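Scroll down for the structure; my scribbles are underneath it.
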Amino acid sequence: MNLTLQLEHLGWININFTSDDKQFYIPGSFLTDFVYEFTDRISTLAEGANEVIVRVQTELGEYRIFVKQETNICLFNVFEFDDNFSTYDLDEGVCVYEDKVELKSLMNIIFREITKLKNLGNEEYFRLWGNHFPELPYKRLIRARDTIKHRTNNFE
């Protein structure tokens, strides 16, 4: 699995998921701070959480990225909902993308993409996204990634 994040014009983020045989795109909106939430919640996987859900608002509609950890493999699913800020349960959405990825690889992919956003610089990031770069979740992501690296190196 691969993931790319690209900030577009004022308040939009392109979220692309690809693997050998599938591809999916989400045009994320500034209605919620996806970058902050994604960075923060993904870090909890390295800290021991079994699963995380991150919402991505579009206009109109919502996607939920659901990642469930089983040992060191993550089941990565994206569910689509018709309404923004949907109150439906996860199983009421339509699964539009699914894949499996090692936790270490997932952390490296997300770290790479969030670092690209950080490298835009504070002014440009704010101009494109309308929010400040999530420094504290980014530091948490670095610690989480280091934890996974240390844990997997000790077991390999």
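Derivation of every value follows stated rules applied to the coordinates shown; laboratory data play no part. All figures in this text were calculated on a predicted structure; none of them were measured in a lab. A quick note on method: Cβ atoms are made from the backbone with ideal geometry, for glycine too, and the neighbour counts reach across all protein chains shown.
Take the Cβ-Cβ distance between Lys68 and Lys22 as r, set R0 to 22 Å, and report the resulting FRET efficiency rounded to the nearest 0.05.
Efficiency for this residue pair is about 0.75.
Which net charge results when you count Lys and Arg as +1 and Asp and Glu as -1 among the other residues whose beta-carbon is under 13 Å from that of Leu45?
+2
I want to verify a result. In a Gaussian network model of the chain, Cα cutoff 10 Å, which of these has the top mean-square fluctuation: Ser86, Ser29, Ser43?
Evaluated over the chain, the most mobile residue of the options is Ser86.
Using 7 Å Cα-to-Cβ label points, what is the Leu75/Cys95 separation (nm, one decimal)?
Spacing of the two 7 Å Cα→Cβ label points: 0.7 nm.
First measure r as the distance between the Cβ atoms of Phe126 and Asn14, then evaluate 1/(1 + (r/R0)^6) with R0 = 30 Å and state the FRET efficiency to the nearest 0.05.
Values: r = 18 Å, r/R0 = 0.60.
Once the sixth-power term is evaluated, E becomes 0.95.
Among Thr71, Thr58, Thr18, which one shows the biggest mean-square fluctuation in a GNM of the chain, springs joining Cα atoms closer than 10 Å?
Among Thr71, Thr58, Thr18, the largest mean-square fluctuation in the Gaussian network model of the chain belongs to Thr71.
Mind listing the phi-derived Karplus ³J(HN,Hα) values for the range 38-44, rounded to whole Hz, using 6.51, -1.76 and 1.60 with θ = phi - 60°, and x for any glycine or proline?
4, 4, 5, 6, 4, 4, 5
Which whole-Hz couplings ³J(HN,Hα) result when phi for each residue of the range 81-95 is put into the Karplus expression 6.51 cos²θ - 1.76 cosθ + 1.60, θ = phi - 60°, listed in order with x for Gly and Pro?
Each residue's phi maps through the Karplus curve to give 10, 6, 10, 5, 6, 4, 9, 5, 5, 4, 6, 8, x, 9, 6 Hz.
So for the chain, if I pair up every lysine 8 or more residues apart or on another chain, how many of those pairs have alpha-carbons under 16 Å apart?
7
Would you calculate the volume per residue, in Å³, of the smallest convex hull containing every Cα atom of the chain?
So the per-residue hull volume is 107 Å³.
If you build a Gaussian network model of the chain, linking Cα atoms that sit under 10 Å apart, which residue out of Leu136, Leu90, Leu45 swings the most?
Leu136
Mind checking the dipole of the chain: about its Cα centre, +1 per Lys or Arg Cβ, -1 per Asp or Glu Cβ, Debye to the nearest 20?
With Lys and Arg at +1 and Asp and Glu at -1, about 840 debye.
How far apart, in nm, are the 7 Å Cα→Cβ label points at Asn50 and Gln6?
About 3.8 nm separates the two model spin labels.
Taking the Cα centre as origin and putting +1 on Lys and Arg beta-carbons and -1 on Asp and Glu beta-carbons, what dipole magnitude results for the range 1-65, to the nearest 20 debye?
It works out to roughly 60 debye.
Please work out the FRET efficiency for the pair Thr87 and Glu59, using the Cβ-Cβ distance as r and a Förster radius of 22 Å; give the result to the nearest 0.05. Spell out each step's value before the answer.
Values: r = 18 Å, r/R0 = 0.82.
Once the sixth-power term is evaluated, E becomes 0.75.
For the charge dipole of the chain, defined by +1 on Lys and Arg C-beta atoms and -1 on Asp and Glu C-beta atoms about the Cα centroid, which residue among Phe17, Thr32, Thr4 has the Cα displaced farthest towards the positive pole?
Thr4
Enumerate the amide H contacts of Thr32 below 5 Å, restricted to partners 5 or more residues apart or on another chain; note that Pro and chain-start residues carry no placed amide H.
For Thr32, whose amide H was placed from the backbone, the distant partners under 5 Å are Gln57.
So how far, in whole Å, is the C-alpha centre of the range 1-77 from the one of the range 99-156?
Here the answer is 12 Å between Cα centres.
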